[in-house]
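Take a look at the structure below.
The values are calculated or read from the model by the stated rules, or taken from the named source; none is laboratory data. Since we're looking at a predicted model, the values are computed, not measured. Please note: Cβ atoms are built from the backbone with ideal geometry, for glycine as well, and neighbour counts cover all protein chains shown. Side chains are part of the model used for accessible areas, which takes the heavy atoms of the whole protein and leaves out ligands, DNA and RNA. Shrake-Rupley method; radii C 1.70, N 1.55, O 1.52, S 1.80 Å.
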Amino acid sequence: MRDQLGQIIRFGVVGGINTGTFFGCYLLLHPWMPYFAAYTLAFLFSMVGSFFLNTYFTYRTRPTWKKFALFPLTNLTNYLVQSVGLYALVTWAGMDDRIAPLVAAVVAIPFTYLISRRILVSRAPGGPDGGPGRENGGPGSGTEERQPSRLA
């Protein structure tokens, strides 16, 4: 339970950093292109940073090509929730298109946490996150973690 609370807190810190990165990129791109194009590019850029922060810091696991390939699923859900929220807030609620992405991002946080944890944390019968030693290539670790083709 304590480990999971630590993960949730670290996820929140990473989310804050990621949101700041996303929003900064969005504001830089927004004057040069339509708001939705700026939103999409900023989202993609921040997704890569989010992957590395979440693997190393939040879940304390190693990045692999498989995880990197699956990680967009977390962000696809996030993107869909935020996109619908952004569109609704700007079009229907009349919210400023510079602020609406932040509001939409807050709504997506719980969905993103649950899906990213499922993808980035190895699971095994020994426990909810694979038990001790599995993420670090210890005894009983999956072959995925022992592959030499890591991202970092």
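Just to confirm, what accessible area per residue do you get for the range 15-62 at 1.4 Å probe, in whole Å²?
51 Å²
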With the cut-off at 1.5 for a/c, could you classify the range 1-64 from its C-alpha gyration tensor as rounded, prolate or oblate?
prolate
Which peptide among 74-83, 30-39 comes first, and what is the full order, when sorted by highest mean count of other Cβ atoms within 10 Å?
74-83, 30-39
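Classify the range 64-117 from the C-alpha gyration tensor, please: rounded if a/c falls under 1.5, else prolate or oblate depending on whether a/b exceeds b/c. Before the final figure, lay out the partial values.
Details: a/c = 3.35, a/b = 2.73, b/c = 1.23.
In terms of gyration-tensor shape, prolate.
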Report the accessible area of Phe23, computed with a 1.4 Å probe over the heavy atoms of all protein chains in place, in Å² rounded to the nearest 10.
40 Å²
